[in-house]
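What follows is one structure encoded as structure tokens, with my remarks underneath.
The values are calculated or read from the model by the stated rules, or taken from the named source; none is laboratory data. Given the structure is predicted, the values throughout are model-derived calculations rather than measurements. Virtual Cβ from ideal backbone geometry, glycine too; neighbours counted across all protein chains shown.
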Amino acid sequence: MTASIFFAHVDRVLSEIESEGLYKRERSISGPQGGRINTVSAVGTREVINLCANNYLGLANHPEIVAAAKTALDEFGFGMASVRFICGTQTLHRDLERMIAHYLSKDDAILFAACFDANGGVFDPLLGEEDAIISDSLNHASIIDGARLCKARRYRFANGDMNELEDRLKEADAAGARVKMIATDGVFSMDGYVANLVAICDLADRYSAVVMVDDCHATGHLGERGQGTPTLTGVGQRVDIVTGTLGKSLGGAMGGFVAASQSVIDLLRQRARPYLFSNSLAPAVAAGSVKAIEIAQKADDRRRVLALHAERFRAGLAKAGFELLPGQTPIIPVMLGDAKCAQKMAAALDERGVYVAGFFYPVVPKGRARIRTQMSAALTETDIDFAIDAFKDAGVTLGLI
Ligand SMILES: *Cc1c(COP(=O)(O)O)cnc(C)c1O
């Protein structure tokens, strides 16, 4: 009886998701990630232009990275079958951690299976119930979950609202907070906005707060040498803790990290639960990521192409009459409002050979559905122009422009 109630409940939730137009369906790709990919469906395999990968620098299928991973398979094996502190630390893992730390000008770094885990594990060891986490309302789900897993009191400020941030800092002070940590995404992935790190660091100085930035959508492609938003905004080392991913610009495989001062990393290594109780990164992933960072540091050519693509695509879509969110990142959201409308547009673009993803509640607020496009250095100018034409044609057909 209880079990049948349970399964009826599951079915009901699923049909609610479906009837609200919020059901996400996964499309299959055959072959590697890239500017053009092959999608597989009932009608067969088709090449499409890909505007929805986090493959900003186009490194996801870079031959030198693939080769480094293959070599590591031969030299270090397939898997570690251990957490880091038992018998899961190879020289490779320390090489990668040192390399990340050096890249981001921090003392040290610690690897996780994903940035979701890095954010899930970063707060609890560093903060207790006497402390406060002050979090931007649009922060990534993993920051929200990480803060929930920590005993510190949680405060929230409206996205990018520095007056509210200051109010929350004052509230935390009034409540007697020992440590105040401001947590923000460096780039807000759904909108493509860059956090106002200058104002955040100024407020942090004034109220003696610590600053934590999740730079998943910036490390590798934004700022000088791709060092991310602290460099882009000029605050540099005023950011105390940076979390990031190896699953986007830096090769796109998987893995996350925290980079910070030595004592912070030392404490995380002792206490961060997703680090202590989860397997080591696979050797091939670690070696490929080392190579990816090596390439990313020097990839001014790729960063230039990426910025030019973003400019070209923005100009083309704006001229066609689409509503875009303003910005300077390779994330270009095309605002459509209704979830069903975003899904129809995504399907219409798919028919025209352009692969995009519609984003809707709960990933973005209700009524703010969109097609989020992302540029990549793996795309060509021809690809960008093709995509602009497809948007125009689909937009006219659906009566959106
Ligand atoms: C992608 C992303 C994550 C999660 O990174 P994974 O390594 O894929 O787990 C965390 N935070 C932000 C802001 C992200 O964009």
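Against the definition (touching a strand residue (DSSP E or B) at 6+ places or on another chain (Cβ under 8 Å) and assigned by TED's automatic domain parsing to the domain that holds residue 255), how does residue 123 come out, yes or no?
For residue 123, the condition - touching a strand residue (DSSP E or B) at 6+ places or on another chain (Cβ under 8 Å) and assigned by TED's automatic domain parsing to the domain that holds residue 255 - is met.
Could you tell me whether residue 324 is in contact with a Pro (Cβ under 9 Å, 6 or more places away or on another chain), free of Cβ contacts under 8 Å to residues at least 40 places away in the same chain and away from the ligand (no atom under 16 Å from the Cβ)? So residue 324 fits the description; yes.
For the stretch 46-66, check the following and say yes or no: at least one residue is assigned to a loop (DSSP other than H, G, I, E, B), modelled with pLDDT under 95 and over 27 Å from residue 259 (Cα atoms). No, every residue in the stretch 46-66 fails to be assigned to a loop (DSSP other than H, G, I, E, B), modelled with pLDDT under 95 and over 27 Å from residue 259 (Cα atoms). Residues in the stretch 1-31 that are within 30 Å of residue 251 (Cα to Cα) and surrounded by fewer than 11 Cβ atoms within 10 Å (Cβ to Cβ): 4 in all. Within the stretch 174-186, being more than 16 Å from the ligand (Cβ to nearest atom), crowded, with 22+ Cβ neighbours inside 10 Å and in a loop (DSSP other than H, G, I, E, B) holds for one residue alone: 177. Assessment of the stretch 98-110 against the conditions (under 17 Å from residue 281 (Cα atoms) and surrounded by fewer than 16 Cβ atoms within 10 Å (Cβ to Cβ)) yields at least one matching residue.
In summary, helices (runs of 4 or more DSSP H) completely within the stretch 283-401 and bearing 2 or more residues that are of a type in the set (Val, Ile, Thr), surrounded by fewer than 15 Cβ atoms within 10 Å (Cβ to Cβ) and modelled with pLDDT of 95 or more occur at 381-397.
Residue pairs whose Cβ atoms lie under 8 Å apart, separated by 6 or more positions or on different chains, with the first residue in the stretch 297-314 and in contact (Cβ under 8 Å) with a residue 24 or more places away in the chain and the second of a type in the set (S, T, N, Q), are 306/376; 309/376; 310/328; 310/329; 313/373. Each residue in the stretch 165-197 was checked for being within 30 Å of residue 252 (Cβ to Cβ) and not acidic (Asp, Glu), and 15 of them qualify. So how many residues does the stretch 213-229 have that are surrounded by fewer than 24 Cβ atoms within 10 Å (Cβ to Cβ) and free of Cβ contacts under 8 Å to residues at least 60 places away in the same chain? Number satisfying all stated conditions: 2.
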